[in-house]
Amino acid sequence: MVTCPEREAVRHQTLANLAKTDWDADIVVVVDEGTGNDRIARIIATWHRALVLGLATGADLILALEDDLEFNRHLRTNLMSWSRLAGIDGARPFFGSLYDPGHYAIHRRPEERYHLMDANGCWGAQAFVMSAALVRFILHHWSEETAEPDIRMLRLASRLVPIYYHFPSLVDHVGVVSTWGGGPHRATGFAPEWAAGAHPSYLEAHADRTSGFPEYRGVMPSR
């Protein structure tokens, strides 16, 4: 989890929200330790350090989080049953996002719980799932992109793998002001109580909060 000292209260709330789910793995909290006036440079450095520490855990898959989130109650169960992750280990590159603020999808496969995205039209690093192989690739090529970390990671990942967004969103953004200073944004498809195997009527009943029902808004608010 990437955070900074001034966001201690919201970080504690996010960790409390995560504790209410079935997620039972350790959380590595990476705090911005920079002292310079260039806030963007400090955030970039913090994200880089978070990816390095994620690799150091030896995990096959790394869940990278921001610090102002709500979570689906069945987070781990839903991830474990996601067909896109079947057979993925640390040696096979993979990239997925659990948060969708309404980006345009190239292809939608709601029956397989994913939307295929264009990395050039996406932003936001609220919750990324990446294999160790992909994180290693991103770190090796980190300096080849100059954008903010969310866009940088998406673009680098797209060099190797498809960009999958989980459907429905398994996290929601609750921050009023982002770490970048941008305006608020929320998931168009957050389903807090949804569990894999639930009847399709659950998503239909939550159409107003679920991306893809009836269509993407296609709105890109400032971050």
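The values are calculated or read from the model by the stated rules, or taken from the named source; none is laboratory data. Source: prediction; values computed, not measured. Neighbour counts are summed over all protein chains in view; Cβ atoms, including those assigned to glycine, are modelled from backbone coordinates with ideal geometry.
Observations
- Test result for Arg73, in contact with a Cys (Cβ under 9 Å, 6 or more places away or on another chain) and under 19 Å from Val174 (Cα atoms): no
- Within the range 26-39, the residues that satisfy the criterion of being touching a helix residue (DSSP H, G or I) at 6+ places or on another chain (Cβ under 9 Å) and in contact (Cβ under 8 Å) with a residue 24 or more places away in the chain are Ile27, Val28, Val29, Val30, Val31, Asp32.
- Any hit, the range 133-148, residues being modelled with pLDDT of 95 or more, closer than 30 Å to Arg39 by Cβ, β-branched (Val, Ile, Thr) and in contact with a helix residue (DSSP H, G or I) (Cβ under 7 Å, 6 or more places away or on another chain): yes
- Hey, Arg84 assigned to a helix (DSSP H, G or I), within 27 Å of Lys20 (Cα to Cα) and touching a residue at least 60 places away in the same chain (Cβ under 8 Å) or not: yes
- On the stretch given as the range 11-31, residues that are among the aliphatic types (A, V, I, L, M) and part of a loop (DSSP other than H, G, I, E, B) total 4.
- Considering residues of the range 175-195 that are surrounded by fewer than 15 Cβ atoms within 10 Å (Cβ to Cβ) and modelled with pLDDT of 90 or more only, the residue farthest from Glu112 (Cα to Cα): Glu193
- Residue within the range 81-91 that is closer than 22 Å to Glu148 by Cβ and polar (S, T, N, Q) present: no
- Answer residue from the range 5-30, given it is β-branched (Val, Ile, Thr) and under 17 Å from the mean Cα position of the chain (by Cα) and is farthest from Ala59 (Cα to Cα) among those: Thr14
- Lone unmet requirement of (1) among the acidic types (Asp, Glu); (2) surrounded by fewer than 16 Cβ atoms within 10 Å (Cβ to Cβ); (3) closer than 29 Å to Pro5 by Cβ for Asp68: (2)
- Residue within the range 200-210 that is assigned to a loop (DSSP other than H, G, I, E, B), over 21 Å from Ile44 (Cβ atoms) and at pLDDT 95 or above present: no
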